[in-house]
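The values are calculated or read from the model by the stated rules, or taken from the named source; none is laboratory data. Model, not experiment: these values are computed from the prediction. We place every Cβ from the backbone using ideal geometry, glycine too, and count neighbours over all the protein chains shown. Ligands, DNA and RNA are stripped out before the accessible areas are found, and what is left, the full protein with its side chains, is counted by its heavy atoms. Shrake-Rupley method; radii C 1.70, N 1.55, O 1.52, S 1.80 Å.
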Amino acid sequence: MKLALVGVGGCGTRVVDQFVRAEHRTGRSVTNGNVLAFHTESQPFDKTQTLTSDQQVLLGDTHPAVLRRDTSPPAPHGEQTSQPPSGSETLTYTDVPSSESDQATSPTGTEDSSSNKSDPDSFGVGGDPDIGAQVAKADRPEIRRALDRIDETDVTATMLVAGLGGGTGSGVGSLLLDELSSIYETAVYALGVLPAGNEAPIRALTAARGLQTFVPRTDSMFLVDNEAWRQDNSAIADSYSSINKMTVERLLSVFGTGERAGTPLSEMRIDPADITRTLNLGGVSTIGHSTMTLDTQSVGLLRRVLSLLRRSSSSVSTPVDATQIKTLISQAVQSKMTLPCEITSADRVLLILTGPPDTISRKGFETGRYLLEEKTETVEVLAGDEPVQKSTELTATVVLSNVTSVPRIDNLQQRAVAAQSDPDADTSVASSAHSQQSYTLSVTDQNSTQSHRDTQRTEFDFGEATTDLDTTDSPDNET
């Protein structure tokens, strides 16, 4: 499936960059160069490997509340190393040690609360989604010019990627979703990264507000939970690399299906229409994944023997019986999802088997499909395969669409309500949500987001916490 990727903030920039690298490494062609990254801070761009200057969009050049990371040598005697733009508030910061600097612009755009959380919030929009929305509105012409670089005729859908705990991800991302929805007739998806449980409470509040904004504005919202995927009880920064690798691997397993050069045909092959149909219910989606290494050693020896005897080896295949395939599919649906949830709350399911063409037992495939219907308690299970010649693995990928029972989101909402009611949670950011800098989309801006995707879609049920979180007058709360 051809997919345009739009990264926002440190999280989106890093994930999109890694996705393009994975495309090149695996021989898939998903984006065809239709990639953009938006940020209010330039340092994350410097660490990318595949994004060209035309694909990097720096916002907030003239906004008085945006502060850039100082790259000059440290000032003597602990003096301030940079001054805020003229007319701005008195905001000071000092140089950040390299280790903390890396955390501040890490792949997922979040950091462990045990580190100095004020450091990353001193740059860009300072972790404030309201300022992020202001910056995006002021730079709307620049955003529209950048979006013109995406060839909509070359893609089936567009996906926005953002860390929901960050001010740029949630604030700028909200306006970007409005723009994408008003410009494109094709589907608009989003991938959001949720902050871990031990990160600053204000990040939970920002992420909760971001969820309320993103979900109604997308055709489907994929979520990745940092709390579920961080390694043991270590700092979340230590898990960024593995979380990003997992995220990109699963996204490619879904949207990269059939996009390898020379992929053999299959009567059960997944096509973009199957993916679109699975996701067009809206709401929140999550991905499960399981891989089995094939024992090809004995088969390889048999093929060499037959070759020496000048006999055809076309009938020789790696034996994978129906039971093994059923087990693999069961492991995928019961594996740790990108966002752990109650699997019976899914409204629609997509199954993709990837591996050598001669290993996929039709009987095992159908048995696994029935297993998914039983496990998820839904009859809407779409299934297909992706034949990959000479692969040494057989992989099952399961997409659960429009899941509504997610304990992690309930917990996030509770933390957000607590952070909102606690004035000491993070006064530097929380107070700005109620200050004169608070920004609200105009009625005209809000109406521009209405499209064909707004009227016939099931919205995610955020529970009782929704009412409490709607008290802040900002674009992140509009649905």
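Assorted remarks:
Table: residues versus (1) aliphatic (A, V, I, L, M); (2) open to solvent by 10 Å² or more (accessible area, probe 1.4 Å).
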position: Ala190; (1), (2): yes, no
position: Val193; (1), (2): yes, no
position: Gly197; (1), (2): no, yes
position: Leu211; (1), (2): yes, no
position: Phe214; (1), (2): no, no
position: Asn226; (1), (2): no, no
position: Trp229; (1), (2): no, yes
position: Asn233; (1), (2): no, yes
position: Ile236; (1), (2): yes, no
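- Within segment 282-297, the residues that satisfy the criterion of being touching a residue at least 12 places away in the same chain (Cβ under 8 Å) and more than 18 Å from the chain's Cα centre (by Cα) are Ser290, Thr291, Met292, Thr293, Leu294, Asp295, Thr296.
- The set of residues from segment 140-156 being assigned to a loop (DSSP other than H, G, I, E, B) and without any contact (Cβ under 8 Å) to a residue 40 or more places away in the chain comprises just one member, Asp148.
- Test for Leu371: is it under 27 Å from the mean Cα position of the chain (by Cα), open to solvent by less than 70 Å² (accessible area, probe 1.4 Å) and not aromatic (Phe, Trp, Tyr): no
- Qualifying residues in segment 392-407 (those that are open to solvent by 30 Å² or more (accessible area, probe 1.4 Å) and not in a strand (DSSP E or B)) - the one farthest from Met221 (Cα to Cα): Thr392
- Total residues in segment 151-170, condition of a type in the set (Val, Ile, Thr) and crowded, with 21+ Cβ neighbours inside 10 Å: 4
- Exclusive hit being at pLDDT below 95 and assigned to a loop (DSSP other than H, G, I, E, B), set Ala196, Ala204, Ala228: Ala196
- Residue check, Asp70 modelled with pLDDT of 80 or more and out of contact with any Pro (no Cβ under 6 Å at 6 or more places or on another chain): no
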